[in-house]
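Data block below; observations after.
Values in this text are rule-based calculations from the coordinates and carry no lab data. Since we're looking at a predicted model, the values are computed, not measured. We place every Cβ from the backbone using ideal geometry, glycine too, and count neighbours over all the protein chains shown.
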Amino acid sequence: MCGIVGIVDAGGASFPLYYALYALQHRGQESAGISTFDGRLLYKHKEQGLVSEVFNKEVLRSLAGTVGIGHVRYPTTGSKIPENVQPFNFTFRNHKVAIAHNGNLVNSQQLRDEFEARGQIFCTTCDTEVIGNIIADEFRKSEDVLEAVQICMQKLKGSYSVVMMLDSDVWAFRDPLGIRPLCLGKTDHGHVVCSESVAIDALGGTFLRDVRPGELVRITSEGIESLMVAEASHKAHCIFEYVYFARADSVIDGRLVYDVRRRIGKALFEEAPVAADQVSPVPDSGTAHAAGYAEASGIRFLESLMKNRYMGRTFIMPTQKDREAAVRMKLNPIRNHLRDRSVVLIDDSIVRGTTSRRIINIIREAGVREVHMRIGSPAIKAPCYLGVDMPTRAELIASDLNNEEVRSSIGATSLHHITLDALIDAVGIPGEDLCTGCLTGEYPIPIGTECCCPRLMRCVARTYQSGLDTFSKDASPVEKSPSDTSRI
Ligand code: AMP
């Protein structure tokens, strides 16, 4: 997961980067960081914690310059050690470089081994550092950044949306399958590239377009330049971004996420109607889905649980009693909406089953008569290797239990997951252009011993179009732990 942003803005980079990261906080709560450049020095501040905890006005004022990148992290690879907090910063042949990444490389270990065999040392356990090393290595050979990034993109396998600050320019690129999102916007005095359109909204900017799968863009004070580096025969946008991960008010690859979730709710009603007193969401992840179910069924939408939005990160509680108290603080049932009622309860997904079991327990204690659970994704049966934090098969409740067994385990009166076909229809992108690995166990690229589905084998044979060798210049691209603060 993770959220990334890059900005070139004549009005100054650090405050817009902060606002953009704030808007992307849902993509990662473990750490946050910003790096900027003022024409001479690179300034950086990064730390474990939420954006609001990591930065204050003084810190932001100290991050000088009109160009910068930022990152919020949700670790999928690389442990939660301070060294792994991004952006990574380094100097190379008098150039100041910062790099941040959302995604997961599947050939990271192999690439790292190749470097280590040549005596290269690494300071982190993240695949992002491998990307930085490839670019530096290729740049060393050719003295041409454009060529270095192009070769790097061709060496990487897996999911990657990357922002890189190299002196006064921001470079951004997206993997040829477009697995993780990335989009471009216009700000008052410059341009921004970021994981989701909500970050552009937070800056009062204008959404321009998505970065195309396989595209490399360079943002300078003059505008945006673009180059298609690699083109696959199809795409593999992560379906889970639409189900759960992205913010509902984001537009990703041309689809407003809220609308997708409403359509999922409608499909859930069509597939599994039930007579009930009300439709309630699991806050907040099931809200848009529940709105769709209520609209389609004519059953009233009424919230049954309230979430305390000010809890911040919950501690790992030492005892079961403490953990139960934390859950009660976080989610409180509205008893008058529940007593003797029959409720359609809607959530986006069931992963381990812990959340659904807990919530059903809470509303049963509040006197609900029937709980009809409707889930906005098919059963999750396989891990994600491409950037979403999913547990191992052994921890996934649906990996070895059938629907009836899961229903009984979470204590619901009835349980229905949306079918894959209906979910794909709701997203509105053809199935062959979506990654559904966590739902089917079939991945868009070969991953160890996992299955690469025949439908997607075309991707393995994908041809890298060597690309135009020059950028198309166009400022209007629609046409085409302890904190680490210092200067280097
Ligand atoms: P679980 O208790 O493991 O079944 O978690 C399911 C809940 O976690 C759902 O309500 C989702 O909103 C949320 N969720 C789904 N996927 C993830 C994820 N990869 N990381 C964190 N939370 C998730």
Neighbourhood net charge (12 Å Cβ-Cβ; Lys/Arg +1, Asp/Glu -1) for V198: -1
Project the alpha carbons of the stretch 191-327 onto their principal axes and report the range along each, largest first, in whole Å. 56, 43, 31
Select from the stretch 129-234 those GluC sites (Glu not before Pro) which occupy a DSSP coil region and have at most 13 other Cβ atoms within 10 Å, ordered by residue number. E143, E222
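Give, as a single signed number, the net charge of other residues whose beta carbon lies under 13 Å from the beta carbon of D340, with Lys and Arg counted +1 and Asp and Glu -1.
+3
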Phi to ³J(HN,Hα) by Karplus 6.51 cos²θ - 1.76 cosθ + 1.60 over the stretch 51-63, Hz, x for Gly, Pro: 3, 5, 8, 7, 10, 9, 4, 4, 4, 5, 5, 6, 8
Taking 45 Å as R0, compute the FRET efficiency from the Cβ-Cβ separation of R140 and K381 and round it to 0.05. 0.50
Name the lysines eligible as straight-distance cross-link partners of K381: C-alpha to C-alpha under 24 Å, and not fewer than 8 places from it in the same chain. K157, K235, K266
Dmax and Rg, reported as Rg then Dmax, of the stretch 346-445 (C-alpha, Å): 14.4, 48
Approximate spin-label separation R40-D188, in nm, with each point projected 7 Å along Cα-to-Cβ: 2.7 nm
Leaving out same-chain residues fewer than 8 places away, which aspartates and glutamates sit with a Cα under 12 Å from that of K46? E30, E83, D484
Can you give the translational diffusion coefficient of the stretch 243-305 in µm²/s, computed by Stokes-Einstein from the Kirkwood radius over Cα pairs at 25 °C and 0.890 mPa s? 209 µm²/s
Please compute the contact order of the stretch 248-443 in relative form: average sequence separation of alpha-carbon pairs under 8 Å and at least six residues apart, divided by the residue count, as a percent. 21 percent
List the lysines whose alpha-carbon lies under 19 Å from that of K141, not counting same-chain residues fewer than 8 positions away? K96, K155
Of every Cα-Cα pair in the stretch 248-443, the percentage lying beyond 28 Å is 25 percent
In order through the stretch 127-143: 3J(HN,Hα) via Karplus (6.51 cos²θ - 1.76 cosθ + 1.60), integer Hz, x for Gly, Pro: 5, 4, 5, 5, 4, x, 5, 5, 4, 4, 5, 6, 5, 4, 6, 10, 6
Under Karplus coefficients 6.51, -1.76 and 1.60, residue-wise ³J(HN,Hα) of the stretch 188-202 in Hz, glycine/proline x: 3, 10, x, 9, 9, 10, 7, 5, 9, 5, 4, 5, 5, 4, 5
Within the under-14-Å Cβ sphere about V371, not counting V371, Lys/Arg +1 and Asp/Glu -1 give a net charge of +3
Magnitude of the Cβ-charge dipole (Lys and Arg +1, Asp and Glu -1) of the chain about the Cα centre, nearest 20 debye, reported as 1160 debye
Estimated inter-spin distance, D421 and N361, nm [label 7 Å along Cα→Cβ]: 3.8 nm
Using square roots of five times the C-alpha gyration tensor eigenvalues, list the equivalent-ellipsoid semi-axes of the chain in whole Å, biggest first. 40, 25, 21
